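Below: the structure, in structure tokens.
The values are calculated or read from the model by the stated rules, or taken from the named source; none is laboratory data. Model, not experiment: these values are computed from the prediction. Methodologically, a virtual Cβ is constructed for each residue, glycine included, from the backbone with ideal geometry; neighbour enumeration extends over all protein chains shown.
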Amino acid sequence: MKKLTLLSVAISCLCHLSKAQITITQADVPNVWAQASMAVDATGNFSPQAASNKTQTWNYATLGNSQTNTYLFVQPSSTIYAPAFHSSNLADSLQYGTGYTFFTSTPTSFYSTGLGESKYGFALSITIHPYYVQIPLPAIYGTTDGGVSKGDTSMAINFSPFDSGKANITIHYADTVDAFGTMTTPYGTQNVIRQKHYDLTVDTLWGHVAHGSWVIYRTTSTASYIYRWYANNLTYYFATMQMNHTNTKDSIVQWFHSGNLGIDNISNSQYTSVYPNPCKTQITFNCSAPQAKQVSVFDITGRELSAQEMNNGMVMVNTSVYPAGMYFYRISDISGNVLDRGKFIVQ
């Protein structure tokens, strides 16, 4: 009887272990048209807990929500930085942000290829080589990765004594999936794996002296530790915890608040009125975001069909030439940053 009892306990533990230790695949990382809203807690009241080879329980049910960051994922070809990222198949933007991070998603890896941002009046593109891996796929407990990624860009500048400039970025990083188990946030409870991420980023700005040489104008180094919890079927992180430079105290926790799984789940947003919807020959877009400058329309494959300038946040689009079906719109600012998006029906 004692042997049977021990066997039952062992089987129970193995069943619990297999349930908690999930595998993250390409289906669990972002895809085109996915959207994720992450609530922010900056109280510094939480700890990531130590790494473990046993099932962990993270109870963060008391996380607060001081603000919400919404991340939008689009095709790189829909951005003004596309020529520099022809090998990428995904770009994300923090809603009302100033730029994009570019990614490539494959069955074996989810990695960043660079970033595009408007700074100092210039549209800057920084491509990264080798690519900056976010997580190898499929990922399970014990998955590791790391390396050194570098990128640079040049720009015209007009501050004395320089006539042009360039920027370099070097990222030293190391990642380990160091724990697994269940995690509870105000969103709910999920089976998760946790990735511990470390990077040391060195940014160097160079200036070129007229008829002279390149000199370093400024160099900054930033070390960071971030813990990322992944769950199945969210297409984004379940939670992230940014630590201070000593990895002893959290500075910001972001937790999954809401989102959709991709193109089939987009709904009209609170910022835009779209009418009539469904439509036949014409549809009107009215966006309350003051930066709204352009509406682009896409078919269900993501192919751009039209792009029209907005006047005081409003534009009417002729849909008489569109076959009946579902279409998607994207509203952007003057720099091409995504402000809003949704879907509509042509009858």
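Here are some notes:
- Segment 133-172 - residue that is at pLDDT 90 or above and within 23 Å of ILE216 (Cβ to Cβ) and, of those, surrounded by the fewest Cβ atoms within 10 Å (Cβ to Cβ): VAL148
- Answer residue from segment 204-231, given it is surrounded by 15 or more Cβ atoms within 10 Å (Cβ to Cβ) and closer than 30 Å to SER160 by Cβ and is farthest from the chain's Cα centre (by Cα) among those: HIS208
- Residue, modelled with the lowest pLDDT, within segment 243-295, restricted to residues that are assigned to a strand (DSSP E or B) and hydroxyl-bearing (Ser, Thr, Tyr): THR272
- The residue that is surrounded by the most Cβ atoms within 10 Å (Cβ to Cβ), counting only those in segment 232-242 that are in a loop (DSSP other than H, G, I, E, B) and touching an Asp or Glu at 6+ places or on another chain (Cβ under 8 Å), is THR235.
- In segment 61-104, the residues that are outside any loop (DSSP other than H, G, I, E, B), in contact with a Gly (Cβ under 9 Å, 6 or more places away or on another chain) and under 29 Å from GLY142 (Cβ atoms): TYR71, PHE73, THR101, PHE102
- Any chance GLU304 is at pLDDT 90 or above, over 30 Å from THR189 (Cβ atoms) and of a type in the set (Asp, Glu): no
- For SER78, the test of being outside the structural domain of VAL297 (by TED's automatic domain parsing) and surrounded by 22 or more Cβ atoms within 10 Å (Cβ to Cβ) is failed.
- Consider segment 195-242 and keep the residues that are touching a helix residue (DSSP H, G or I) at 6+ places or on another chain (Cβ under 8 Å) and at pLDDT 95 or above. The one that is nearest to PRO48 (Cα to Cα) is TYR230.
- Screening VAL215 with (1) part of a strand (DSSP E or B); (2) under 30 Å from TRP255 (Cα atoms); (3) assigned by TED's automatic domain parsing to the domain that holds ASN233 gives one miss only, at (2).
- Unique match (being outside any strand (DSSP E or B) and either free of Cβ contacts under 8 Å to residues at least 60 places away in the same chain or under 23 Å from the mean Cα position of the chain (by Cα) (or both)) among TYR322, TYR327: TYR322
- Of all the criteria given as (1) closer than 22 Å to THR189 by Cβ; (2) in a strand (DSSP E or B); (3) of a type in the set (Phe, Trp, Tyr); (4) at pLDDT below 95, the one not satisfied by TRP58 is (4).
- Within segment 187-232, being under 18 Å from SER47 (Cα atoms) and either without any contact (Cβ under 8 Å) to a residue 24 or more places away in the chain or among the charged types (D, E, K, R) (or both) holds for THR189, ARG194, LYS196, ARG228.
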